[in-house]
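Here is the structure we will look at, set down as C-alpha cells.
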Amino acid sequence: MDVLSLIGITIAFVALIGGNLLEGGELASLVNLPAALLVFGGTFGAGLLQMPLAGLKRAADMLRWVFVPPRQAFREGVQRIVRWATTARREGLLGLESIAEIEKDPFARKGLQLLVDGNEPDTIRSILEADSGLREQRDVDAARFYEAMGGYAPTIGIIGAVVGLIHVMGSLQDPSRVGPGIAVAFVATIYGVGLANLLLLPIASKLRSCIREAAQYREMIIEGIIAIADGENPRSIQLRLNGFLV
C-alpha cells in the first residue's frame, strides 16, 4: 500500500472542503447532482471516445498502481543476474536452461532462453529492447487515458457552469433566485477543475512514474543478460548493474 497516495488524496479534499467551511460556506453548497452528472459523465465519455477497448482495460488494471504500485526489486534483481553469470561461467550457457524454466519474470525468462539458445548479443539486445519498448508504450498509452480526462474535465466544468447560467438567465424576473442559481452553476466549474487537478492528472503522473521504474528494471535485465552473453566476469557485472540501485 502506497500510504503517500492515500495521504495526498485525503489532504487535498480536506483542504478543499475545509477552505469552503472557513469561508463561511456549507458542505451542501458543494453538492449538486446535475453538475456532478454533467462533469463526471461528460469527462468519462470523452475519455472513452479516444481509447480502444484494449487500452481501456489496461488503464483500468493499472489504476490499482496508485495505491499498490508494482515493486521493482532492483537489488534482488542484481543479485539474481550475478548468480546467473556465475552459473554461466561454471557450467556454460546451457547451465541456465533449468534456471530459465523456473524464472517467474516473463521478461527475464525470455532473456535467459535467448541466452540458452545461443543467440548473438546484438540479436538478444534487439529482441529484448523491442519487447520492453512495446510494453512501455502500451502502458504509457493507458496512462494517457487519465491524463486526457484531466484535460477535458475543466472545460466540461465550464460547459456545466454555462448551462447553469442559462437557467439562471431564465429566472431574472425573480431576483431572489439569481444569486443561489449562479452559485450552483459554478459548482460545475469546481467539479471540473478539482477532478482534473486533485485526481486525474496526479493519477496519470503516478502511473507514468511506475512505468518509468518498470522500464528501468527491464533495462537492467537487458544489460545483465548482454553482459553474460559477452562472457563478462560476475564481479564486473555486479559493479556495472549497481548503477541502477537507488
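Checking G170, G160 one by one, the residue that is under 30 Å from V184 (Cα atoms), buried (at least 18 other Cβ atoms within 10 Å of the Cβ), assigned by TED's automatic domain parsing to the domain that holds M62 and more than 26 Å from the chain's Cα centre (by Cα) is G160 and no other.
From the list I81, I7, the one residue that fits, being in a helix (DSSP H, G or I), at pLDDT 85 or above and outside the structural domain of A108 (by TED's automatic domain parsing), is I7. With the condition kept exactly as written, say whether any residue in region 90-113 is on the phi > 0 side of the Ramachandran plot and outside any helix (DSSP H, G or I). Checking region 90-113: at least one residue is on the phi > 0 side of the Ramachandran plot and outside any helix (DSSP H, G or I).
Residues are listed down the side, and each one gets a yes or a no for (1) under 26 Å from A15 (Cα atoms); (2) assigned by TED's automatic domain parsing to the domain that holds I221; (3) surrounded by fewer than 20 Cβ atoms within 10 Å (Cβ to Cβ):
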{"site": "I99", "(1), (2), (3)": "no, yes, yes"}
{"site": "S126", "(1), (2), (3)": "no, yes, yes"}
{"site": "E129", "(1), (2), (3)": "no, yes, yes"}
{"site": "D141", "(1), (2), (3)": "no, yes, yes"}
{"site": "G192", "(1), (2), (3)": "yes, yes, no"}
{"site": "L198", "(1), (2), (3)": "yes, yes, yes"}
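State which residue pairs qualify: first residue in the same structural domain as V78 (by TED's automatic domain parsing) and inside region 227-246, second residue hydroxyl-bearing (S, T, Y) and surrounded by 11 or more Cβ atoms within 10 Å (Cβ to Cβ) in any location, beta carbons under 7 Å apart, and separation of 6 or more residues or different chains. Pairs that qualify, where the first residue is in the same structural domain as V78 (by TED's automatic domain parsing) and the partner is hydroxyl-bearing (S, T, Y) and surrounded by 11 or more Cβ atoms within 10 Å (Cβ to Cβ), are P234/T86. When K110 is tested against (1) in contact with a Cys (Cβ under 9 Å, 6 or more places away or on another chain); (2) surrounded by fewer than 19 Cβ atoms within 10 Å (Cβ to Cβ); (3) not small (G, A, S), just one condition goes unmet, and that condition is (1). Can you tell which of E129, E101 is farther than 11 Å from I222 by Cα and either in contact with an Asp or Glu (Cβ under 6 Å, 6 or more places away or on another chain) or not small (G, A, S) (or both)? Only one candidate qualifies: E101. For region 106-128, the tally of residues that are touching a residue at least 40 places away in the same chain (Cβ under 8 Å) and more than 14 Å from D230 (Cα to Cα) stands at 3. All of (1) in a helix (DSSP H, G or I); (2) over 30 Å from L200 (Cα atoms); (3) touching a Leu at 6+ places or on another chain (Cβ under 8 Å) hold for G118 with one exception: (1).
Does any residue of region 187-207 turn out to be modelled with pLDDT of 85 or more and more than 21 Å from A46 (Cα to Cα)? Yes, the conditions are met somewhere in region 187-207.
Specify which of the listed residues (L22, L56, L94, L63) is assigned by TED's automatic domain parsing to the domain that holds R240 and free of Cβ contacts under 8 Å to residues at least 60 places away in the same chain. Exactly one of L22, L56, L94, L63 is assigned by TED's automatic domain parsing to the domain that holds R240 and free of Cβ contacts under 8 Å to residues at least 60 places away in the same chain, namely L94. No other residue among G243, G160, G164, G170 is at pLDDT below 95 and in contact with a Leu (Cβ under 6 Å, 6 or more places away or on another chain) apart from G160.
The values are calculated or read from the model by the stated rules, or taken from the named source; none is laboratory data. On a predicted model such as this, the values are computed, not experimentally measured, just so you know. Neighbour counts are summed over all protein chains in view; Cβ atoms, including those assigned to glycine, are modelled from backbone coordinates with ideal geometry.
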